[in-house]
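Each remark here refers to the structure printed beneath this line.
Coordinate-derived values only; no laboratory data. Predicted model, so just to flag it, every value in this text is computed and none were measured. With ideal geometry, Cβ positions are generated from the backbone for all residues, glycine too; neighbour counts draw on all protein chains shown.
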Amino acid sequence: MIHSPFQSAAPQLRQRGYSVIPLTLGQKYPVILGWSEFCHRLPTQEEHARWMEWKSSNIGLCLGAASGVVALDFDDDVDGLHSAIQAIVPESPVRKAGAKGFTSFFRYGGEESKGLSNGGVRVLDVLAAGKQTVLPPSTHPSGGEYRWLTPLTLADISPDELPTIPAASMQLIARLFRPEPARVGPLLQIREPYQDTTLDEIDQALSFIPADDYDLWIRMGMALRQHLGEKGMQLWDSWSAGSVKYDSSEIPKRWRSFRRNDITIATLFYTAMDYGYIATKHTDQPATLVIEPGGNLMPVTVTVEPTPQADLLNPPGLVGRIARWINETSIYPQPMLAVAAAITVAGIAMAHKVQSPTRLRTNFYTMGLAPSGAGKDHARDCATMLLCRAGMEGLVGGTPASGAGMLTALREGQGRCLILWDEFGRVLKNLTHKNAGSHQRDILTYLVELFSSAKSMYAGVQYANHDGKMKRTPIDQPCLSVYATTVPERFFQTLTSDDAIDGFLARWLVLESKEYTLKPVATQADINDPPEDLLAELRRWREAPSNYNPKGNIDGIIRICPMTVSYSAEAEMLITCYAEQMRKRASDESQKRSGLGAIFARSAEHAIKLALVSHEGEVIGIEAMRWAIGVADHCSAYLVEAVKGNVAVNDFERASKKVHAIVAESRGDWVRHGVLVRRTQDLGVKIRHEIISNLAEAGLIEVRDIKHGGAGRPSHEYRAVG
C-alpha cells in the first residue's frame, strides 16, 4: 500500500513530541486554515487521526513552543557567511537539504523568526513561532523529494536532545550582517499612533473584532500586552469570553508566551477599522520603522515620499517578470502599460489562491492611458498569450455587452475572469450617455459592486422569476479583473464628478504613459514564445489549491478558502504608517466636501493588494510593500489631479476646463484667438465666448486686444493667471 509523505512520517514524529501538519502534496503550503495555531499547541489525537486519512499530503513541522524546535534555514551563501554562522552556533545532529542550502534544527529557546540578508540577498532565516518547514520524504514542487543530510533524522531524536543556540551566538550572528536602512524618507523619533487612547476606547474597538479567529485572538493579545503590560490581560480575557472557543485556563498560559513588541496598539485599532469601527480620534503623526544594527525595530514617524517613476516601472515578483517580458517583446515599449497589464495577469493567476491578513484578494481594475498610435494593444496581446500558453485561457473573458454578460463570464470562469477592454473611454461614454439602456448602465453598477465582493458572496440581481427562467445564481467570492486602455482625454471627458464621489474612479489604478518612444527597438523577443520559467510559474499558480481548510468542506462541496499571506514585521509597520496617512487625507477631503476622499480611502487597500500580488516567498516583505505603496500613492495623486482638471458636472463645465487647459499650456505666453478657435472647433461661437468671459471674470485668464494696422476689428489674446 502506497502511503503519502504525511502518512509515512507523521506517526513517529508525533511520538517524539513534534507538532506536524499536512501540506499540499508537491507544494510547501499548509492544507489547513489557521495552521499557525499548531506552533503553540500540539494537534489533538482526533485532528491527527483525521489528517492520517488524507491520501495525498506532504508533511510540515510547526516551529516554536509546541514542537520545541527552532530552525536555521541557510539560503544563498554571500561572502562566506554560511561558514561564519556555523562557526558561531553549535553543530546540529539533524540537517535537511534545501533548494539552495540546508536547514539545521535546534532546541527552541524563545527565539523570534527573522530573515537576515546581505546586499539584498537572503542568507539566513531564523524559523521559530509562526513558521513551518517542509520535512522529508515530502515531494518538492520540482518533482523530487526532500531529503535528510545527516544519519540522524528528527524521527530518531527528541526535541530535548537537540542543542540550544546561546543568546550570545544570536547576537554575534546579527553583527555579521550590515544593516539595510528602510528607504522611506526623513526619520524623526516620536510616539506611535493611538498611544494616548483610554481603556474604554480600546474596549470599544475590541468589541468590533471577532474573538473566534485564532490568529486575530493571538495578535490582539500581543497588542494589549505591548501597550498595557500585565494589566491588559484582564481586558483580553473579557474580550475572549465572547468566543464559543473560550477556555479560561488558556488565557494566563498564552499571555506569558507573548514576546513580540512590533504588534502595537495601532494594529488593534486598524484591525477594528477593518471590521467597521470608526475611530473617535487619531494621532496626526503616523508610525513607521528604522532597522537598527542587529535587526531591532524602532518606532519612528515618517512622511512617505513619492516613489521615483523608475522604481514604479521595476516591480518585484511575478508582476515584474511579466512586465519585463512585455517590454522585451514590444517594438515600441510602453513600460507603464506593461506594468498595468502585468498587475492584472498576475492577479488573475493568483485569484482564489492567496489573500492578505485582512482578507483582501488579487482583483484589480487597471487602466493604461496613452495617445493614439502608441501601441496600446501590445500589452493586451501579451496578456492573452501568456494565459493561453499557461493553460488559463478559460480566465479570459470577452468584452461584455451588458451587466448580465459580465456575470455570465464570471460564472463560466468559476468566479474568476480577466476582461481586456480596448477603447474604454468610448465605452464609458456610451455607458454614461443619457440614452444608454439599462443593460448597459448595469455594467458600471456591477463593476462597483463586484470589486468589493471578492471576499464574500455576490448575490446578484433578484428578478420576479414568474416563469422560472430568471433564477438568481450567486457567485462565491468573485474575482473580476479588468485591464482597459484608452486615450487620456476621452477617458476623463466622459466622467462626471459623481463618478469620483461614488467611488467608481477610486477602484481603478490609472497609469498614463507619458515618457515613451516611437523609435522602434532594434531587436525584440518573440511574443509567441514566452520564457518557459515564466510559464512554469503561472502553471504553478494554476495548480495551487484554492481550498486550504478541508474542515470547511460540507457535503463534498469544496469551499474557496485562499491561503493567508502574512506581512514581515518591517512591511506591516510600513503599511500601518501609510494607511494612517491616507485615512487622515480622506478625512480632510471629506470635511472639505471635495469629493476626493474616496480616492485616498482606497489607497492603502490598493497597496496591500499590490504587495500581495508582487510578493515572493512565504511573507509579504519590505521590498514588495515599498513598491506597492509607491504605485498606490502615484495612482491616487494622478487621479486627484486628473479629477480636478478634467472631471466636470456637465458639458459646459467640461468645455470650460478644456479652454482653460489650452490657455494654461502656454505657461505664461499669450495664446492667439485663432489658435484657441482651431483647438476648440467642437464649440459654438456663442459657447466659446461665454466660457472666455466666465474665465476672465473668475480671474483665471487675462484677455488683451490686438489692434491690426488696417481698419478691421481687433483680435484677442489670452494668458493664464498664475
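Proximity of backbone amide H atoms, modeled 1.01 Å from N, is registered between Asn118 and Val123 at under 5 Å, excluding neighbours fewer than 5 places apart on the same chain.
Toward the positive end of the charge dipole of the range 313-453, with +1 on the Cβ of Lys and Arg and -1 on the Cβ of Asp and Glu, the farthest Cα among Leu450, Leu420, Leu360 is that of Leu360. Centre-to-centre separation between the Cα atoms of the range 418-432 and those of the range 594-636: 25 Å.
Relative to its residue count, the range 199-281 spans a Cα convex hull of 85 Å³ per residue.
If neighbour count is taken as other Cβ atoms inside 10 Å, put Asp160, Asp76, Asp442 in order from fewest to most. Display every interim value, and only then the final one.
Numbers: Asp160 9, Asp76 14, Asp442 21.
The order, fewest Cβ neighbours first, is Asp160, Asp76, Asp442.
Computed about its Cα centre, the charge dipole of the range 90-149 is approximately 80 debye, with only Lys, Arg, Asp and Glu carrying charge at their Cβ. A cut-off of 5 Å between modelled amide H atoms, ignoring neighbours fewer than 5 places along the same chain, links Ile560 with no other residue. Applying a threshold of 26 Å to the alpha-carbon distances of Lys114/Lys609; Lys114/Lys584; Lys657/Lys686; Lys376/Lys429 flags Lys114/Lys584 as lying beyond it.
Using a/c under 1.5 as the rounded threshold, could you call the range 360-457 rounded, prolate or oblate? The axes a ≥ b ≥ c are square roots of the C-alpha gyration tensor eigenvalues, and prolate needs a/b larger than b/c, oblate otherwise.
Judged from the Cα gyration tensor, the range 360-457 comes out oblate (a/c at least 1.5, b/c at or above a/b).
Simple point charges give the picture: +1 on the Cβ of Lys and Arg, -1 on the Cβ of Asp and Glu, and for the range 196-249 a dipole about the Cα centre of about 140 debye. The order of the peptides 680-688, 530-538, 376-384 by mean Cβ neighbours within 10 Å, most packed first, is 376-384, 530-538, 680-688.
For the range 5-175, what number results from the quotient of the Cα radius of gyration and 2.2 N^0.38 Å? List each step's numbers first, then the result.
On the way: Rg = 15.5 Å, N = 171, 2.2 N^0.38 = 15.5 Å.
Scaled against compact globular proteins, the figure is 1.00.
Using Cβ point charges alone (K and R +1, D and E -1), the dipole size of the range 5-175 about the Cα centre works out to roughly 200 debye.
From the alpha carbon centroid of the range 562-581 to that of the range 337-402 is 24 Å. Summarising the amide proton neighbourhood of Leu23: residues at separation of 5 or more, or on other chains, whose placed amide H is nearer than 5 Å comprise Val31, Asn58, Ile59, Gly60. Phi-derived couplings, Karplus 6.51 cos²θ - 1.76 cosθ + 1.60 at θ = phi - 60°, listed residue by residue for the range 375-392: x, 6, 7, 5, 4, 5, 4, 5, 4, 5, 4, 4, 5, 5, 5, 8, x, 10 Hz, with x used for Gly and Pro. The length gained on full extension between Thr44 and Asp526, counted as 0.36 nm times the residue separation minus their Cα-Cα distance, comes to 168.0 nm. What residue among Gln204, Tyr214, Pro252 has its Cα farthest toward the positive end of the dipole of the range 199-281, where the charges are +1 on Lys, Arg and -1 on Asp, Glu, each on the Cβ? It is Pro252.
Spin-label model, Ala65 to Thr150: label points 7 Å out along the Cα-to-beta-carbon direction sit 2.6 nm apart.
How high is the FRET efficiency between Ala241 and Arg672 when r is their beta carbon distance and R₀ equals 60 Å, given to the nearest 0.05? Spell out each step's value before the answer.
Numbers: r = 78 Å, r/R0 = 1.29.
Step by step, r from the Cβ atoms, then E = 0.20.
Take the eigenvalues of the Cα gyration tensor for the range 651-720, scale each by 5, and report the square roots as semi-axes in whole Å, largest first.
Numbers: eigenvalues 78, 39, 25 Å².
So the three semi-axes of the range 651-720 are 20, 14, 11 Å.
Per-residue Karplus couplings for the range 163-177, computed as 6.51 cos²θ - 1.76 cosθ + 1.60 with θ equal to phi - 60°, are listed in order as x, 9, 9, x, 4, 4, 5, 5, 5, 5, 4, 4, 6, 6, 9 Hz, Gly and Pro entered as x. Electrostatic bookkeeping for Thr485 treats Lys and Arg as +1 and Asp and Glu as -1; over the other residues with beta carbon under 14 Å from its beta carbon, the sum is -2.
Applied to the range 116-123, the Karplus parametrisation 6.51 cos²θ - 1.76 cosθ + 1.60 on θ = phi - 60° returns per-residue 3J(HN,Hα) values of 10, 10, 10, x, x, 9, 6, 9 Hz, with x for Gly and Pro.
If I take every Cα pair under 8 Å that is 6 or more residues apart in the range 5-175, average their sequence separation and divide by the length, what percent do I get for the relative contact order? Intermediate results must be reported in sequence, preceding the final value.
Working: 367 pairs, mean separation 48.0, N = 171.
This gives 28 percent for the range 5-175.
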